[in-house]
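Everything on this sheet refers to the single structure shown next.
Just so you know, all these numbers are worked out from the coordinates, no wet-lab data involved. For clarity, every value in this text was computed on a predicted model and none was experimentally measured. Neighbour counts are summed over all protein chains in view; Cβ atoms, including those assigned to glycine, are modelled from backbone coordinates with ideal geometry.
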Amino acid sequence: MCKMNDAKRTRAFWSIDAAFALVLSVAMFAMFSAVLYAAGMQALDGAGEASGALLSARFSYYALAQADGGKEADLQALLEGMGREYASLRVADSGGELSFASAGEKPGAVYCTTRLDVREGRMVKLEACIG
Amino acid sequence: MVARQESQEGARGARGQSSLEALLAFAALLCALAVLAHAARAQSDAFASAVGEADARTSLAREAFYIDLSASIVPTAELQRNLSGVPISDGKWLASRRIGAVREPLFHRISVDAKGRYYVQNE
């Protein structure tokens, strides 16, 4: 009788042990997956940020080059050609805003670059944003 | 004698059932491990893909920056041959060689000459 109880207890112990090990391994796997997913998403977010920041810097160079050539950047045509949703150019000096042009609807993430330029002998600040 | 024989057969039957249960439990454990291993491999592949895409996007954005910067500074610039991106859509976009879906728009057009060399011009 005592022997039978021992056998039952041993079987019960092993089944609880195995189930606990399984639960632990599933939990660890879930945590590992969550960490991997977060790391992957973070890498993609970082790349998106770098791409957006460099794009706005390129946009500011382009806008400056256009302005130096005496032309205004056609923002709507630019958006259509680049597959972007929003672009804006703001020129301001110490006295305030001199000009502002924008096209498209502002999306969630807009990347801006601010540069200094000399126009008509005056130091101005050019802010180029793209999203 | 008969009672002893019945008792032995009963014990043998119980042992058989017990080993069948153990076998089934082991099979279930193997199945669970296989599912976990499969999921882990899928997760690892997804992570590698995300990191690869991030890497391709970063290097492409850097190259696009240097291309547009070169075009802003000099009238015509010859581009390196070992770029990680290739010009597409009439030279106005740069697509990654490794992951074609990763693309960067350009503010200047890339043109190619008869010898296959890439140029960017300040238009």
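Measuring gaps between exposed loop sites in chain A (GluC sites (Glu not before Pro); DSSP loop; at most 16 other Cβ atoms within 10 Å), the longest gap, sites not included, is A:1-71. Among the trypsin sites (Lys or Arg not before Pro) in the stretch B:55-104, those located in a DSSP loop and surrounded by at most 15 other Cβ atoms within 10 Å of their own Cβ are B:Arg81, B:Lys92, B:Arg97, B:Arg98.
Per-residue mean of foreign Cβ neighbours for A:31-39 is 3 (Cβ atoms of other chains, 10 Å radius). Peptide B:46-53 is shielded by partner chain Cβ atoms: per residue, an average of 5 of them sit within 10 Å of its Cβ. Between B:Ala37 and B:Ser111, the modelled label-to-label distance comes to 5.9 nm, taking each label 7 Å out from Cα in the direction of the beta carbon.
Residue-normalised convex hull volume from the C-alpha trace of the stretch A:26-131: 119 Å³ per residue. With a Förster radius of 41 Å applied to the C-beta separation of B:Arg98 and A:Leu24, the computed FRET efficiency comes to 0.60.
Based on DSSP H segments of at least four residues, each scored -39500 (n - 2.57), chain B has a per-residue ellipticity at 222 nm of -22500 deg cm²/dmol. Look at the stretch B:63-75: the mean tally of other chain Cβ atoms within 10 Å of its residues' Cβ atoms is 3.
Using the alpha-carbon atoms, what tilt in degrees (0 to 90, nearest 10) does helix B:2-73 show relative to the longest principal axis of chain B? Rounded to the nearest ten degrees, it is 10. For the stretch A:90-106, backbone phi angles converted through the Karplus equation (6.51, -1.76, 1.60; θ = phi - 60°) give residue-by-residue couplings of 10, 10, 9, 10, 5, x, x, 6, 9, 7, 8, 9, 8, 8, x, 9, 5 Hz, Gly and Pro being listed as x. Put simply, the protein assembly as shown fits an ellipsoid with semi-axes of 69, 21, 12 Å; these come from the alpha carbon gyration tensor as the roots of five times its eigenvalues, largest first. Computed over the alpha-carbon pairs of chain B, the distance histogram in 5 Å steps reads 2, 10, 13, 13, 8, 6, 5, 4, 5, 4, 4, 4, 4, 4, 3, 3, 3, 2, 2, 2, 1, 0 percent, short to long.
The calculated 222 nm mean residue ellipticity attributable to helices in chain A amounts to -21000 deg cm²/dmol, summing -39500 (n - 2.57) over DSSP H runs of n ≥ 4 and dividing by all residues.
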